[in-house]
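Written out below as structure tokens is the structure these notes cover.
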């Protein structure tokens, strides 16, 4: 699927990819997957903002915030473990 030929569909796919990567990152304790999820959410948001898709923007921003919080939690846990 091309972002140029079907931008909204591409953005929906990026958002769904972000959801899947965030779940993998959370359950597998993988910061790399959470970072990829965050990148996918940012890509989706660019398109949603250009299309003025308010409900999609709100949902994707919530997904982004959750992934960022999970990443911060993982980093804090890693830092605490390193201090022991």
Checklist entry - How high is the relative contact order of the chain, given as a whole-number percent (alpha carbon pairs under 8 Å, six or more residues apart)? => result 28
Checklist entry - Using all Cα-Cα distances in region 15-84, what percent lands in each 10 angstrom bin from 0 up to the longest? => result 24, 45, 22, 8, 2
Checklist entry - Okay, helix-only estimate at 222 nm for the chain: each DSSP H run of n ≥ 4 adds -39500 (n - 2.57), divide by all residues, round to 500 deg cm²/dmol; what do you get? => result -30000 deg cm²/dmol
Item to check | region 4-53: Cα Rg divided by the 2.2 N^0.38 Å rule of thumb | outcome: 1.19
Checklist entry - Taking 0.36 nm per residue of separation and subtracting the Cα-Cα distance, what length does fully extending residue 46 through residue 32 add? => result 2.9 nm
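We did not get these values from a lab; they are worked out from the coordinates using the rules stated. Quick caveat, the model's predicted, so the values are computed rather than measured.
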